[in-house]
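Have a look at the structure below before the remarks.
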Amino acid sequence: MNKKIKVFLTGGWGYGNRGDNAILAGTLAAIDSLDASVDLVMTSFSAKELKTKHGMDSLPSVHALLSFRKPWNWFRWPAVYLWRKTGLLLLPSLRRQLSEMRSADLIVFGGGGYFNDTWKDAFPSRIVELELARESQTPYVILGQTIGPFSDKSATQILPNVLKPCAMVAYRDRQSADILKLAGLQSHQMAYTADMAHLIPSKAAVPSNGKVKVGLMLQGFRQYEARSGLLPFGRIANAEEYLKSVLALIKRISEQHDVHFVMIASTSWDEKFMRKVEQGMVSMGITPEVAQLEDARVEKFVQTCQAVDVMISTNMHPVILASLAYIPTLALSYHFKLNDYMSRIKRDDYCHRIDDFDIAAVVAQASQLISSPTQERPALKENVDAVVSDVQQNIDLVKGLLKKGGRHG
C-alpha cells in the first residue's frame, strides 16, 4: 500500500486508566504498521489526557458529548433519540463525527473491556457511536474488545443492528464469541485475538543486580465478576478484611525476602487505595517506592511495569506489560478477563480471586518467583510470543480491508 489513507480511531481512553492508554499505544503501533501514509483522526473522552499521555490532538468522543454525568448533555439526548428514529436533526457535534467517519477509509474502534452494560453511563453512547459508523457506510472494525457481559436483555437486542455491519470484530476473550454469534455475526467477521497492548514494542527486562524488585498494583476491594455476573464474596467478605489480607501478604513476603517494592497505580482511581496500602506498609517498617505517573506519558507506565523482577497485580495491564518483558506475574483477579489472560499464557495456578485468596499460598508462590525470577522466563516467552502473534494476525486482516480500497475503492 503506497496511497494515503484516512483512519478514524475511537475507543475507551481518556478516563484516567493507564491500561487503556497502553491499549491505545498498541493500537497506534498497529496503525503505524499498515504500510501506508495515514491521516489519523481520533476521539477521546479527555482531549487533555490524550495530549498528555500520547502528545496527540483529538475530538471529543461521543461519550464525552452525551455522558449523563454532565448535566447539559441531558438536553442533547432528545435530539439523539429523534435522529435515531427519523434520521433528522443530528446534533452539530455528532454531525462532525459522522462527516469525519464518512471521509475515512476505515473506522477503528479500539479495544478494552468497556463494551457492556455494566458501565450504565457509557453504554448508550457506545451504541450511538456504532450507529454513526453504520450510517457513514465506511467499513468499521473493533480491535481487541471484550464483548459483554450484558445483564439487561434489551441490551443484547440492539447489538445485531450495530455489530452485524462490522467488517471485523477481533475479540480478546473467548466468552465474547457466544455473544457475537447471538448478534448474528458470521465466522469471517470474527477473530479471536488478545489485548492490543501486546503490540507495544517491548524487549525482555534486564534482571536487577541488587534487591529483587516486586511491582505492586492493588486496587480496592470488589466482588469478582465472572462471565455470569458478580459472584458471592469468597473468604474475604469486606474492604477491611481485604486491606488486612493485602498487608499481611506484603509483610510475609518482606519477612522472607529482602525485596524492593514498587507501587504502580494502573488507574487514577486506584491511587487512593494504594495510598492506604503504602501507609500500612510504612507502619510495618516497609518503605516502598511509589511510581510517579500522574502526568507521565504512557511510555513511562510501560517502562515502570517492565522494570520490576516480579509483578503482583489485581489489574490486567500491569500483568500484560510485565509479561511482554517475560517478567513472571501473580494476579489477584477481579474479573474473568484477567483469568482468561493468565490461562492463555498458561499461568492459571498464579491467578487468584481478589475476594478469595489464601495468603499462605500466594506468599509461597511469590517466594518461589522472588527466589528465582528468571526461571519462569523461557516458558513465559514462548506463551506470550504466541499471543503477540495472534494479535499481529489482525493487522493483516485490516490490511486486507484497506487493499480492497476501504469505502473509496
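What follows is calculated from the coordinates using simple rules that are stated; it is not laboratory data. Since we're looking at a predicted model, the values are computed, not measured. Every residue, glycine among them, receives a Cβ derived from its backbone with ideal geometry; neighbour counts consider all protein chains shown.
Going toward the positive end of the dipole of the chain, with +1 on Lys and Arg Cβ and -1 on Asp and Glu Cβ, which of 214, 40, 308 do you reach last?
Positive-end residue among those listed: 40.
Counting DSSP beta bridges with both partners in the chain, what percentage is antiparallel, nearest 5? Please report the intermediate quantities before stating the final value.
Numbers: 4 of 46 bridges.
Among the beta bridges of the chain, antiparallel pairing accounts for roughly 10 percent.
Take residue 228 and residue 258, extend 7 Å from each Cα along the Cα→Cβ direction, and tell me the distance between the two endpoints in nm.
5.0 nm
If packing is taken as the average count of other Cβ atoms within 10 Å, what order do 341-350, 11-20 fall into, highest mean first?
Numbers: 341-350: 17.6, 11-20: 24.6.
Those peptides, ordered most packed to least, come out 11-20, 341-350.
Distance between the C-alpha centers of the range 15-83 and the range 107-184? Whole Å please.
Computed from Cα coordinates, the inter-centre distance equals 16 Å.
Take the residue pairs 3/181; 48/381; 51/120; 120/272 and return only those whose Cα atoms are more than 25 Å apart.
On the way: 3/181 35 Å; 48/381 36 Å; 51/120 27 Å; 120/272 23 Å.
With Cα atoms farther than 25 Å apart: 3/181; 48/381; 51/120.
So how tilted is helix 377-403 from the main axis of the chain? Cα-based, degrees 0 to 90, rounded to 10.
10 degrees
Indicate the gyration tensor shape class of the range 1-139 (rounded, prolate or oblate), computed on the Cα atoms with a ≥ b ≥ c the square roots of the eigenvalues: a/c under 1.5 is rounded; otherwise a/b larger than b/c is prolate and the rest oblate. If you can, show how the numbers build up before the last one.
Numbers: a/c = 1.99, a/b = 1.29, b/c = 1.55.
Verdict is oblate for the range 1-139.
Could you state the angle between the C-alpha long axis of helix 239-256 and the longest principal axis of the C-alpha atoms of the chain, as a value from 0 to 90 degrees rounded to the nearest 10?
50 degrees
Over the chain, with a Gaussian network built from C-alpha contacts below 10 Å, which listed residue (111, 55, 148) shows the highest mean-square fluctuation?
Maximum among the listed residues: 55.
How would you classify the range 306-391 from its alpha-carbon gyration tensor, with a ≥ b ≥ c the square roots of the eigenvalues: rounded for a/c under 1.5, else prolate if a/b is greater than b/c, otherwise oblate? Before the final figure, lay out each step's value.
Values: a/c = 1.83, a/b = 1.18, b/c = 1.55.
Taking the square roots of the gyration eigenvalues as a ≥ b ≥ c, the range 306-391 is oblate.
How far apart, in nm, are the 7 Å Cα→Cβ label points at residue 393 and residue 34?
If labels sit at residue 393 and residue 34, their model points lie 2.2 nm apart.
Assuming R0 = 35 Å, what is the FRET efficiency of residue 299 and residue 79, from their Cβ-Cβ distance, to the nearest 0.05?
For residue 299 and residue 79, the calculated efficiency is 0.30.
Between the helical axis of 18-32 and the dominant principal axis of the chain, each derived from Cα atoms, what acute angle in degrees is found, rounded to the nearest 10?
The angle comes out at about 50 degrees.
Mind checking the dipole of the range 243-305: about its Cα centre, +1 per Lys or Arg Cβ, -1 per Asp or Glu Cβ, Debye to the nearest 20? Let's see the in-between values first.
Working: 8 positive and 9 negative charges, 56 e Å.
Here the size comes out at about 260 debye.
Who wins for biggest fluctuation among 157, 175, 303 in a Gaussian network model of the chain, springs between alpha carbons below 10 Å?
157
Among 321, 204, 228, whose Cα sits farthest toward the positive end of the charge dipole of the range 191-340 (+1 at Cβ of Lys/Arg, -1 at Cβ of Asp/Glu, about the Cα centre)?
228
Round to a whole angstrom and tell me the spacing of the C-alpha centers of the range 205-238 and the range 315-389.
Using only Cα atoms, the two centres lie 10 Å from each other.
Among rounded, prolate and oblate, which fits the range 44-118 when a ≥ b ≥ c are the square roots of the eigenvalues of its C-alpha gyration tensor, a/c under 1.5 means rounded, and a/b larger than b/c means prolate?
Working: a/c = 1.65, a/b = 1.33, b/c = 1.24.
Prolate, because a/c is 1.5 or more and a/b exceeds b/c.
Extent of the chain along each principal axis, from alpha carbon coordinates, in Å, largest to smallest?
67, 45, 38
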